[in-house]
Structure formats: C-alpha cells, structure tokens
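Rule-based calculations on the coordinates, nothing more; no lab input. Just so it is clear, the structure is predicted and the values come from calculations on it, not from any experiment. Cβ coordinates were reconstructed from backbone atoms using ideal geometry, including for glycine residues, and neighbour counts include every protein chain displayed.
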Number of protein chains: 2
Amino acid sequence: MAVPPSAQSLIAEHEALYSQRAAGIKQSAVRDVFELSLDASLVSLAGGNPYLQSLPLKKLGDIAQRIITEQGPVALQYGSGLGTEELRLQILEVMAAEGIDNVSVDDVVITNGSQSAQDMACKVFCDPGDTVLCEDPTYVGALNTFEAYQVKAAAVLTDAQGIVPEALAERIQSLRAAGERVKFLYTIPNFNNPSGITLAAHRRQQVVEICRAAGVLILEDNPYGMLRYDGEPAPTLRSLDPENVIYMGSFSKILSPGLRIGWAAVPSHLFRRFYLAGEAVALCPPTLNQMIISAYLREHDWKGQIESYCQLYASRRDAMFAALEKYLPAGISYTRPEGGFFIWLTLPEGIDTYQLLQEGVQAGVIFIPGAAFSPGNPLSHTLRLAFCAVDEDTIDEGVKRLSKLLERKLEVLSN
Amino acid sequence: MAVPPSAQSLIAEHEALYSQRAAGIKQSAVRDVFELSLDASLVSLAGGNPYLQSLPLKKLGDIAQRIITEQGPVALQYGSGLGTEELRLQILEVMAAEGIDNVSVDDVVITNGSQSAQDMACKVFCDPGDTVLCEDPTYVGALNTFEAYQVKAAAVLTDAQGIVPEALAERIQSLRAAGERVKFLYTIPNFNNPSGITLAAHRRQQVVEICRAAGVLILEDNPYGMLRYDGEPAPTLRSLDPENVIYMGSFSKILSPGLRIGWAAVPSHLFRRFYLAGEAVALCPPTLNQMIISAYLREHDWKGQIESYCQLYASRRDAMFAALEKYLPAGISYTRPEGGFFIWLTLPEGIDTYQLLQEGVQAGVIFIPGAAFSPGNPLSHTLRLAFCAVDEDTIDEGVKRLSKLLERKLEVLSN
C-alpha cells in the first residue's frame, strides 16, 4: 500500500475534488451583515426579518404542545414528500386570498421555504451555462441559487413600474440570437426584494404573453403579495397563465420564517419532476411545522393577523418615508413601495456602498449594499433599507445616522 | 407579437426546457411502498420509521410550548445558516457518545436531515459524470441524490463483514485506470440500510487508509450507530481519519425524523464551501426544531431514551429472527444485524421481488424490493424487512404471510 499522504498534501489533493459549481458558491452578503446586526448598539435597517412579537405566541405555543402530546407519533414522523394533504388544501385558500383560484391540490408541493423551491426549479430546468432572466436588482438568495447551478442570470430592464415588457421581449430575442438557452424568467412582481417595486397591473398580461410566446417559463416569487399597504392589488402572473407560471409562496413573511415552510404551485404537466427534485434534496418537509401552520390557519383569524401586520408595517414604512424626507441630503433618490419590507436608495455614482457600510458600522447604522442584489454586481452605488423589523423611533434614528454619513460623503465627492 | 401557443404545443415546448439531470430524477421505490403502507389491513415490514410512541411526548409538547411562548420571536425567526450554536455544541456530546472526540464546533453544520448533507456533498464535489463508490445494496435516498447530480455510483464488493478492503483498493485503481473521476466513498458502516451489515472493526483502519492514500474522500453516514443491540461498537471512520472523512449524523432515528434535523462534521479545510452549498438550498435549518432538540438534550435523559429504544428494537429484531427461523422455507438466506432497523433477505435468483411485492399486497404483507437499493438495480431477488416499526406479534404474522407466499413461489420455481 502507498504511504498515506500528510495532512498538508491531503489538503492540496482535496482541492482537486471540488466540483466546478463549488467555485461559484459564495456567502450571501446579507449573511455577512446578519452577523453585524447582532450588535445591539447598531441600528439595523438591514434585515428583512418579520416582526414576530405581534404573533399570537401563547396560542402558537398551545397548538404545538397539543399537536406533539396528542399526535406526536405523526407530527414527529416522516411524512409525504409532497407535504401534508391538510396544509396543501389550506394553501389553496391562502392563494385564493390573492386571487388565485385555478390551482388543484395535486399541483401543490410544500417546500423548505421558497428558497428550496428556487433550488428545485434550477435542478429541474437548468443545465450549466443555461440562462435565466431576472430583475436587477433581485433577491440575493435566488442569485446564489443561480450561481450554484452555474446558470447565467441576465437582467431585464425595469423602471418604477417593474419589468419593461418591450425590453423583456427584446432581451429574450437577443439572447436567443446569441445562442443562449433561456429557461425561465424569475420575478418578484409584488414589492420586489430589494427594490420595493411592483410590476404594474397593465404590464402583467404583456409579460405573461411574451414569455408564453417565447417558450420561456415564469417563476413567480410572491412572499410579500398580501403585505400591501396602499393601492390596488394586481393579478398574479399565475392567475393570468396557469400553464406557464410556477408560483412560489411562503409562510415566512405572513407567519414565521423559522418554520421554513413555503410551497410551489406547478403547472400539472411539470409537477411530477418538480416535486421529485425536491424529494431527492430533503425527503420531506418537517411534519410538525406543517401541522402547526395547519392548526394556526384552522383556528386563528390569519387574515386578521395579516391585516394587523399591514397596519404595523405601513406605519413603519411611513416613518421611513418621513425620515428620508426630513434627513436625506439632495441628490439621492429612493423607491416608494406600496407594500413589502424594503426601500431602495440610489446614490450618486461615486459612492461605493460596500465601503459606506463599513463607515455605517462606525456611525451606528447598517443596511445592505446594493451590489449584493445585482447579477454581475454593477449596482455599487445603491443600498437596501428594511423598515419591517424595527420601530418608528429606531427607523428615524437610523435614517438620521445614515443621512449624516451621506452628507459627509457628498461633501467629499463635490470637493 | 407572435400568437401565444396553445396548451398542447406549450406542453411539448416545455419538454425541451428540462435539464439533463431531470431525466435522472425518479421516485424512490420506498415512497411507492409508503403509500401502500397506509392500508391498515396490510402488515408493513417496509417502512424504516422509528417507533415514536415510546418518546416522552408530554415532555416534548411542554418543551415546544415553552419555547414558542417564551422565545417565539427567536424560535420562529430566521437563524444562522450553520444552525444554532447551542445545538452544534450539543452535537459534539452526541458524537462523543460514539467515540468521536476530535471535532470542533466550527466544523459542524446542521442540515435538513442527513439527506440534505448528501445533497450538499454532491453539490460541492461532483460534476456530472463523476464517480462515487458505495456499498451494494445501499441507502436508496443516496442513490437518488447521485442520480440527481448525474453521478455514477460504483458498487464496492462487500461480504458479511462489510466492504472488502482489497476489493475497494482494486476498484479505485481500475476505475481510475479507465479514466473515471472518483470523488468519494459513501458508506453506512453501522447496520447498513438496507442490508443490516456492519463494517468489521479490523477492516476500518484499512478502508480509511486506502481512501486517504488514493485521494478519495469518505462520506460516513451513521444514523444507526447508537442503536446497537449486541456486540462491541467499532470506531467510526471519522475518528480514525478526521482529515479525510465527512461524518453525517441524524436525530431521525434516535429522536424524531419529522423534525428533519441532521448534521455534518466536515474537515476544517473543506467546511466553508460545504456549508455554503447548503445555505443556497434552504437558507437555514428550521429554528424551532433545533431549539426543541436542544431542550430535549438538555433536560431529558437522552442516553437513557436511546437505551430503552435499544431494548425495544432488540426485542423486535429477535422476534423477526425467531419468525424467520420458524417460518421461512429453505433456500433463503438473511443477514444477522447487531443493530439498526433492517434485515436483508436473498432469495433464489428466479424470483423478482417487485412482482413478489404485488403478490405480497394480496397476501397482506409488504416489504421493499431489493433492487431499489442497488446501483444499476441488479439485485432483483433480494428484499428488505424492517423490524423497527411494528410489535412482535405483528412481525410474527408478517413473516408468516411472507413465508407462505415464498413457499408457493419456490414450488413453482422447482416445477
């Protein structure tokens, strides 16, 4: 037998074992900031954590106790890879509250948060080198998934009303002309994370038709749809084209992210392979967590809970608008979301918000640098503020600190 | 704009969107049988479900209630992608109970069951067309993961004492000589699922040295290690070579599979990419589930619970041995596991156990056909029996029904 290699040479040998995709897997910048946000002296306008203090915790605790005590051998056991039938049926009601009434329970699969539905979609549809379309900026977790599957993320032009339909059609055409294999459009039509922008109602039919005509699937990620504080709801893409849209929902923002329960509603003809892809990753979603959510939906006024969340977050958003109005120096623009958790700031081009974050830590305020949300990272002079997780006074203080910092930056820039 | 395609032509177009790997994703045969096992008139010797009735359900219910009521905003919130620090520290104690005392908390990541650790390992180390080594038979979930990553699973010769070291060395050499890229050995050294076979203590050092010398990583999957009913524990591969072994543990068999919490202990130099691969799939493991397990480990005599599980399962295993001895016709061999959940039967070659399962349903007994556990599916005349999930009388009845069926099959075969 050969002499076993030393630790040092073993480490070098192991480098050769990595897959090609492993090179593309990187830590989310949101996570970097997550560590920072544990410092209580800093005002964090970074995290998109829902405000769970307003949940009926006593009731949820009682529910969990009852389920484990009375149905423990079911709740703590393996379950179906699809998820429990009760929750899948209830999810139809949740989707109906967003105007989606054309889904069969047979087309719903429960996932480990909607992050895992994105992973499944890439697994089923994307080979290395394939292209997916997305907004710029878009959800950092989706960009991480695309990188992990060695998929190229191509940005589609957006404005204050979301994706520009003509630009979408042109982008698909030019990518195809260049030989790219375009698989799907990943979009967050309502209160995009991080931009806060909503795809205008009158553009939705166009977006759906363009994708359908081009043979490009749509992945509609809609965790914030029910958290609307002004204006009129627009129809979901799923309701406009049930055959070409995979809809991803989540309990993370309307109930609890720590339970890690989301779902996908998949066109019937795509369903089987989609759910098997998930089963190979995690066997089944956690049974107890599904049963807790089922009991909560069954026994609690969950729509009333969402309404009270809307009041809470609307007040915080308005506090952030007021603080931005009051403190922010001229030359900085920001979005005016009608719902969701986030406002997106665009600074003059000379400012790098990664560096700004370091200075923000000194100044006692943190946020997420915009480049994290951008395929190819060009948006270095942008940043995301979250208004969901802290109260109005803290929001005021945080925006004040940020604004002072920005004033100094702008002065330096103008000298 | 082009005329949007009809539903029919859309479905045809969507076929072209699937990834190459999607073709390799298939439903686990274990899951097929899972549906069957819900029929109460059948005796199921199929499922590897732990017997949760003997857990302290009242105490677990109280724990969950207390955590949600008192710490709900933490328990229901996003957590670290690594898992909670408390549970990661406790996992060091759990591993110490199996003789593993050389792991740093910084090298432990909590996963959605150990299924998801297998997914992470493939993601990080395997490109399509790479080869991994495994036992034959081996865990069906691992085979599904290998297929999903378009990885070739190459069987290593085993006997009643597990992997044959000389055969392992030769297999690596011949695969390399044929130009194959061999990345890791996936092995269940203790009470293999499905065979029940344990890698003999005296072979372990050899297996570890062969892999290290060849630059082949080891994935040690050890969900059953503490469920030993006879004989002496053998050292884990991880404790024999901390630098070349990724160890996968799970709470599924010693506490609850429905919580979906497992872990991986990864050599330090491989850790970062390994855990980032998992984060891209599901962001973080469910926080509540981790906190419930932490409280259980902190407040309950979990080692005593495992001891009482060992007594329960030992009695069921012995009941299955007795029934096999009493009823089984001549010409059928079976393994004699010292722990775990499964016994593996080898029938005369003319019998196809997929077909036998259909007849078993008629006869009122179900099991898992062996081909499900075999890379390339050649083991069609084998089957897996589980003794973990049902009581002694039911085991007796199930083996009796199966034996009658086999008697008839053997008669037909001999005519």
- prompt: At each listed q (0.08, 0.11, 0.13, 0.14 Å⁻¹), what is the log10 of I(q)/I(0) that the Debye formula gives for chain A modelled as equal alpha-carbon point scatterers?
  reply: -0.46, -0.87, -1.18, -1.33
message: Tell me which of B:T138, B:F274, B:L89 sits at the most positive position along the dipole axis of chain B, charges placed on C-beta atoms (Lys, Arg +1; Asp, Glu -1).
response: B:F274
message: Checking the a/c ratio against 1.5 first, then a/b against b/c, what shape does the Cα gyration tensor give for region B:14-139?
response: oblate
- prompt: So for A:M248, B:M95, fewest C-beta neighbours within 10 Å to most, what's the order?
  reply: B:M95, A:M248
- line: The Rg/Rh figure for region A:169-234, Cα atoms and Kirkwood Rh, to two decimals is 1.03
- request: Could you check what % of the DSSP bridge pairs in region B:75-299 are antiparallel, to the nearest 5?
  value: 40
message: If the only charges are +1 at each Lys and Arg Cβ and -1 at each Asp and Glu Cβ, what is the size of the charge dipole of chain B around the Cα centre, to the nearest 20 debye?
response: 300
- request: Report, as an integer, the average count of C-beta atoms from other chains found within 10 Å of each Cβ along A:54-62.
  value: 5
- request: Rounded to whole Å and sorted largest first, list the principal axis extents of the Cα atoms in the protein assembly as shown.
  value: 90, 58, 57
Inter-chain shielding of A:254-267 (mean C-beta neighbours from other protein chains, 10 Å cut-off): 4
message: Shape verdict for region A:191-273, please, from the Cα gyration tensor: rounded (a/c under 1.5), prolate (a/b greater than b/c) or oblate.
response: oblate
task: May I ask which residue of B:A200, B:V156, B:G231 lies farthest towards the positive end of the charge dipole of region B:150-289, with charges of +1 (Lys, Arg) and -1 (Asp, Glu) on Cβ and the Cα centre as origin?
output: B:V156
task: Within the set of other residues whose C-beta is less than 12 Å from the C-beta of B:I210, count the net charge using Lys and Arg as +1 and Asp and Glu as -1.
output: 0
- line: The rounded separation in angstrom of the Cα centers of region B:332-393 and region A:323-364 is 63
query: Based only on the alpha carbon positions, what is the Kirkwood hydrodynamic radius of region A:254-376, in angstrom?
result: 18.9
task: Using a 10 angstrom cutoff on alpha carbons, build the Gaussian network for chain B and name the most mobile of B:T335, B:T69, B:T138.
output: B:T69
query: How far is B:C310 from the same spot in each other copy, in nm, shortest first, if each label point sits 7 Å from Cα toward Cβ?
result: 5.8
- request: Run the dipole for the protein assembly as shown about the Cα centre, Lys and Arg Cβ at +1, Asp and Glu Cβ at -1, nothing else charged, and hand back the magnitude in debye, nearest 20.
  value: 300
Alpha-carbon centroid distance for the pair region B:195-243 / region A:396-415, whole angstrom: 59
query: Of A:I100, A:C126, A:Y78, whose Cα points farthest to the positive end of the dipole of region A:70-128 (charges on the beta-carbon: +1 Lys, Arg; -1 Asp, Glu; origin at the Cα centre)?
result: A:C126
- request: Distances from A:E232 to the same position in the other copies: list them in nm, one decimal, shortest first, using label points 7 Å from Cα along Cα→Cβ.
  value: 8.0
Span per principal axis, largest first, for the Cα atoms of region A:74-299 (Å): 53, 41, 28
statement: Asserting the computed 222 nm helical MRE of chain B (DSSP H runs at least 4 long, -39500 (n - 2.57) per run, divided by residue count, to nearest 500) equals -14500 deg cm²/dmol
For A:S174, inter-copy label distances in nm, listed shortest first [label point 7 Å out on the Cα-Cβ vector]: 5.5
task: Quote the charge dipole size of region A:87-196 about the Cα centre in Debye, to the nearest 20; the model charges only the Cβ of Lys and Arg (+1) and of Asp and Glu (-1).
output: 300
- request: Could you work out the per residue convex hull volume over the alpha carbons of region B:211-319, in cubic angstrom?
  value: 140
- request: Report ³J(HN,Hα) in whole Hz for each residue of region B:336-344, in order, from the Karplus equation J = 6.51 cos²θ - 1.76 cosθ + 1.60 where θ = phi - 60°; Gly and Pro get x.
  value: 10, x, 8, x, x, 10, 10, 10, 10
message: Among B:T346, B:T187, B:T198, which one shows the highest mean-square fluctuation when chain B is modelled as a Gaussian network with alpha-carbon springs under 10 Å?
response: B:T346
field: Descending Cα extents along the principal axes, region B:312-415, whole Å
entry: 39, 29, 23
- request: Would you kindly calculate the translational diffusion coefficient of region A:272-312, applying Stokes-Einstein with the Kirkwood radius from alpha carbon pairs, for 25 °C and a viscosity of 0.890 mPa s, and quote it in µm² s⁻¹ without decimals?
  value: 196
